[in-house]
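Trainee: Sending over a structure as C-alpha cells; questions will come in a sec.
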Amino acid sequence: SLKFFTQICWFFFEGPTSWKDSKTLIHDVLCPTRVHIRSESGENDHAIISEASLTLLLSELSSTSHLVRFAIRHALRLITRDTTTSLQTLLSKHTSSLKRLLFPRLLRTLPLPDQVAVIDALAYIVDRAPGLLPISDQNLLGFMSELLKMVSIADGEISDAGFSSVILIDKNGYAMSNSDEFKPKKKLQSHSSSVFLRNSFVLEDGSFEGRVVVPKELPLGVQLRVSTLLLFRALIRGFP
C-alpha cells in the first residue's frame, strides 16, 4: 500500500531536484539521526494540489497509524519540494483546522495512541513550518505545559494530585500510575501494522527517484517519549 501511495504521489507531484538520484537515501523528517537541513530558498513553489486533496491529507497527519503518518509527511514533502517556506505557505489557510486537529482536548484525556499521534504531528509542524504556530500561541503553550508536566510526573521529578488517575509513560517507555510505584508491563501496546515494521526498510521502485527509508515502528510508550524529544528539539530549533 505504501509503495502504491508513493508511486501515485510521485506521478502527480514528482519530487525535489535534490532527490532525483537513484542512489539518494530519503529519510523521514522526524528521523532522530537525520541531518538538519532547512531549505529556505530554491524550489519554493509547491506543486498544485486541490483543496479537497490537501484537506484529506491533513486529516491523516495525526493518524494513530505510524505508517500513515509517515506517508502523509512524505507526500507533503513532495508537494512542497521539501522546503519550509513552501510548507508554511501551503498550510497558512489551514491553521484553524490544524489547531482543531492537534489540540482536540486536554492531552491527558486522550488514549495513548492518540497522544503519540498528536505529539508526532505537532513535532512535524513545528519543525517544518515554525512560523505557522507562534511560540506565544495559547494552544501550543497549554499543550507543551501539560506534556512537560506529564513526563516530569512520570519520571518522578514532581507530583500532582490532579494526575492521580492518569496513566503516564516513564523515560523507559513503560506505563505507570501517578498514585502507584512504577509498574512496567511485559508487553507494551503497538499498532497491528508494527508486526511488519520491526525494522526499518528501504522502499525503491523504478517509477520514482531516490530510495525512501521507512522507519521501524516503536512500541507506543517508547514512541511517545521519542516524539516528545523530537517536539522539544523542533521548538528549540524553530524558536532559538
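The values are calculated or read from the model by the stated rules, or taken from the named source; none is laboratory data. Just so we're clear, the structure is a prediction, and the values are computed from it rather than from any experiment. Backbone-built Cβ (ideal geometry, glycine too); neighbour counts: all protein chains shown. Note: accessible area is taken over every heavy atom of the protein model, side chains too, but ligands, DNA and RNA are not part of it. Shrake-Rupley method; radii C 1.70, N 1.55, O 1.52, S 1.80 Å.
Trainee: Count, please, the residues in segment 188-208 that happen to be among the polar types (S, T, N, Q) and at pLDDT 70 or above.
Mentor: Taking segment 188-208 first, the residues among the polar types (S, T, N, Q) are 189-190, 192-194, 199-200, 207.
The next check asks that each one be at pLDDT 70 or above; those that pass are 199-200, 207.
Counting residues in segment 188-208 that are among the polar types (S, T, N, Q) and at pLDDT 70 or above gives 3.
Trainee: Could you please find all residues in segment 103-112 being in a helix (DSSP H, G or I) and in contact with a helix residue (DSSP H, G or I) (Cβ under 6 Å, 6 or more places away or on another chain)?
Mentor: Just the residues of segment 103-112 that are in a helix (DSSP H, G or I), to begin with: 107-109, 112.
Correct list: Leu107, Leu112.
Trainee: Surrounded by 20 or more Cβ atoms within 10 Å (Cβ to Cβ), part of a helix (DSSP H, G or I) and more than 15 Å from the chain's Cα centre (by Cα): does that describe Leu78?
Mentor: Values: surrounded by 20 or more Cβ atoms within 10 Å (Cβ to Cβ): yes; part of a helix (DSSP H, G or I): yes; more than 15 Å from the chain's Cα centre (by Cα): yes.
Considered against the rule, which asks whether it is surrounded by 20 or more Cβ atoms within 10 Å (Cβ to Cβ), part of a helix (DSSP H, G or I) and more than 15 Å from the chain's Cα centre (by Cα), Leu78 comes out as yes.
Trainee: Separate question: Which of the numbered conditions does Ser92 fail, given that it passes all the others? Conditions: (1) surrounded by fewer than 15 Cβ atoms within 10 Å (Cβ to Cβ); (2) over 15 Å from Leu58 (Cα atoms); (3) out of contact with any helix residue (DSSP H, G or I) (no Cβ under 6 Å at 6 or more places or on another chain).
Mentor: (2)
Trainee: Is it the case that segment 120-128 has a residue that's open to solvent by 20 Å² or more (accessible area, probe 1.4 Å), under 17 Å from the mean Cα position of the chain (by Cα) and of a type in the set (A, V, I, L, M, F, W, C)? Talk me through it step by step, then tell me what you get.
Mentor: To start, the set of residues in segment 120-128 that are open to solvent by 20 Å² or more (accessible area, probe 1.4 Å) comprises none.
Scanning segment 120-128 turns up no residue that is open to solvent by 20 Å² or more (accessible area, probe 1.4 Å), under 17 Å from the mean Cα position of the chain (by Cα) and of a type in the set (A, V, I, L, M, F, W, C).
Trainee: Oh, and also: Determine the pairs where a residue that is under 14 Å from Leu106 (Cβ atoms), located within segment 151-169, has a partner that is open to solvent by 50 Å² or more (accessible area, probe 1.4 Å) and in a helix (DSSP H, G or I) with Cβ atoms under 6 Å apart, the partner being 6 or more residues away or on another chain.
Mentor: Taking only residues 6 or more apart or on different chains, the pairs are Val166/Arg108.
Trainee: Still on this structure, please answer the following. Mind checking which residues of segment 27-48 are more than 19 Å from Ile125 (Cα to Cα) and either among the hydrophobic types (A, V, I, L, M, F, W, C) or at pLDDT 75 or above (or both)?
Mentor: Ile48
Trainee: Now a separate question. Taking segment 195-240 on its own, how many of its residues are farther than 30 Å from Ile153 by Cα, in contact (Cβ under 8 Å) with a residue 60 or more places away in the chain, among the hydrophobic types (A, V, I, L, M, F, W, C) and touching a strand residue (DSSP E or B) at 6+ places or on another chain (Cβ under 6 Å)?
Mentor: 5
Trainee: For Leu133, indicate whether it is of a type in the set (A, V, I, L, M), modelled with pLDDT under 90, touching a helix residue (DSSP H, G or I) at 6+ places or on another chain (Cβ under 7 Å) and open to solvent by less than 70 Å² (accessible area, probe 1.4 Å).
Mentor: Values: of a type in the set (A, V, I, L, M): yes; modelled with pLDDT under 90: no; touching a helix residue (DSSP H, G or I) at 6+ places or on another chain (Cβ under 7 Å): yes; open to solvent by less than 70 Å² (accessible area, probe 1.4 Å): yes.
No.
Trainee: Any residue that is farther than 19 Å from Phe5 by Cβ and assigned to a loop (DSSP other than H, G, I, E, B) - is there at least one of those in segment 84-102?
Mentor: No: zero hits.
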